[in-house]
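Report on the following structure.
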Amino acid sequence: MALGFSFLFSGVVFGLSAGLSPGPLLTLVISETLKHDVKEGIKVSIAPILTDLPIVMFTILVLSILVLSRLSNMLTLLGLVSLLGSAFLIYLGYEGISFKGVDIDVEQAKPQSIRKGVIANFLNPAPYLFWFTSSF
């Protein structure tokens, strides 16, 4: 019984430290909240619910293929995801610092917060690293 609580405590501590550490998704949540409103920030924060299941399924598929073939390609895959993620973060950074003037008609602008959050989470290497390492 004590061993179960030990694992539960470890999971809670690791989960909280991973969830509260600043990263690209938290930055996007803050950015969308400040640009639009709290509702858009909440939409971005829902992105892991939408993206983690496909990432887990992808991880299981890739791990199955890698175990059956070669394990050396995993670094290349994670490197590719990291490069795509960094390109998307550069785009978001440019979008955040570029000034296009004052938009009077705010109702016309569509923030697309969920889309941004899903893309940021898919291109973030952290969920892949977590699910790859926890699958063993």
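The values are calculated or read from the model by the stated rules, or taken from the named source; none is laboratory data. Predicted, not measured: the structure shown is a model, and the values here were computed from it. Methodologically, a virtual Cβ is constructed for each residue, glycine included, from the backbone with ideal geometry; neighbour enumeration extends over all protein chains shown.
Below are the figures for this structure:
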{"item": "Test for D103: is it among the acidic types (D, E) and modelled with pLDDT of 75 or more", "result": "no"}
{"item": "Segments classed as helices (runs of 4 or more DSSP H), wholly inside segment 1-48, with at least 2 members that are under 15 Å from the mean Cα position of the chain (by Cα), modelled with pLDDT under 80 and surrounded by fewer than 13 Cβ atoms within 10 Å (Cβ to Cβ)", "result": "2-20"}
{"item": "Filter result for F132 (crowded, with 16+ Cβ neighbours inside 10 Å, in a helix (DSSP H, G or I), modelled with pLDDT under 75 and not hydroxyl-bearing (S, T, Y))", "result": "yes"}
